[in-house]
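Each value in this text was obtained by applying a stated rule to the coordinates, not by laboratory testing. Keep in mind that what you see is a predicted model, and the values were worked out from it rather than measured. Methodologically, a virtual Cβ is constructed for each residue, glycine included, from the backbone with ideal geometry; neighbour enumeration extends over all protein chains shown.
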Amino acid sequence: MQSDMLIIEDLMLLMLDDKTGVPAGAGTLYYTLGGAVLLELALLDRIEADEGPALNGPKITTVGDGPLADPLLQSAYDKIAEKTQRVQPLLNAVGSGLYQPVIERLLERGHLRQERRRVLGLFPTTRLPAEDNGYEAELRRKVCAVLEDGGSPDPHLGAVIALLSASGTLPTLDPAPKWSSRTYHRAKELEQGSWAAGAVNDAVARTVAAIAAGSAAVSIATITGPSS
């Protein structure tokens, strides 16, 4: 198992269909990826969320000093530090450019492979099937142990599951955990951030709530389309 994987990398690996590489919840993917980075920064004590209620969620501010070890996290931290924003627009601002860099990381780490083909011999297409290296299978086993058997996750795994639940993609994963009322309620418990300690829990819970609200709003807009 690779202990240096970011939350966003494990999250993406689980959301990608193992055969095609098409992500679950593609319409709200940027919200979820942005949330993964914010949760990582929260767990590192590098961002805080205020307590004031607002339409677009709490304000997010940077805290602490010194460089972050991962350039992806540093880039997000710098963007947040430029201007205090509320969490929902920030999820979009941070998450919109993350898909391709994370895919490239998973390819470099050997968790995905790239297959280029031509449909009908004419139209180029690219698939990103999972590599059977044991890592993803072990990650999924850990997710199932928490959701199906009531296990206690560490903060990293708790964040991954909370994001899957908040984004609405958990029951659509392929392969997915055994879906039941128990699984659903356990996932919702993790959305509350109980696996994060102390003041960090507040920032985590507010961020996850904003992801759930934002993902729901985007999904409704996609389904209903523009008003006549």
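About its Cα centre, the chain has a charge dipole of approximately 780 debye under the convention of +1 per Lys or Arg Cβ and -1 per Asp or Glu Cβ, with nothing else charged. Here the range 44-119 is treated with +1 on each Lys and Arg Cβ and -1 on each Asp and Glu Cβ, and its dipole about the Cα centre works out to around 640 debye. Taking trypsin sites (Lys or Arg not before Pro) across the range 64-95, the ones in a DSSP loop with at most 14 further Cβ atoms lying within 10 angstrom of their Cβ are K83.
Maximal additional length on extending the Q74-D45 stretch stands at 9.1 nm, based on 0.36 nm per residue less the C-alpha distance.
Taking the number of Cβ atoms within 10 Å of each Cβ as an exposure proxy, the fewest-first ranking of V94, V102 is V102, V94. Listed by Cβ neighbour count within 10 Å, with the fewest neighbours leading, Y31, Y77, Y135 appear as Y135, Y77, Y31. Entry note, the range 7-220: relative contact order of 30 percent, from Cα contacts under 8 Å with a spacing of 6+ residues.
With q set to 0.12, 0.13, 0.16 Å⁻¹, the log10 of I(q)/I(0) for the chain, from the Debye formula over equal scatterers at the Cα positions, is -0.65, -0.76, -1.14. Taken as entire DSSP H runs, the helices of the chain that both span 30 Å or more between Cα atoms along their own long axis and average -0.5 or more on the Kyte-Doolittle scale are 198-224.
Taking the charge dipole of the chain about its Cα centre, with +1 at Lys and Arg Cβ atoms and -1 at Asp and Glu Cβ atoms, the residue from A159, I60, L91 reaching farthest to the positive side is L91. Helix-only arithmetic for the chain: the sum of -39500 (n - 2.57) across DSSP H runs with n ≥ 4, divided by the residue total, places the mean residue ellipticity at 222 nm at -16500 deg cm²/dmol.
The charge dipole of the range 127-170, taken about its Cα centre with unit charges on the Cβ of Lys, Arg, Asp and Glu (plus for the first two, minus for the last two), comes to roughly 140 debye.
Between D132 and T84, full extension at 0.36 nm per residue minus the direct alpha carbon distance yields a gain of 13.1 nm. With loop membership from DSSP and a limit of 16 other Cβ atoms within 10 Å, the longest segment of the chain without GluC sites (Glu not before Pro) is 149-228.
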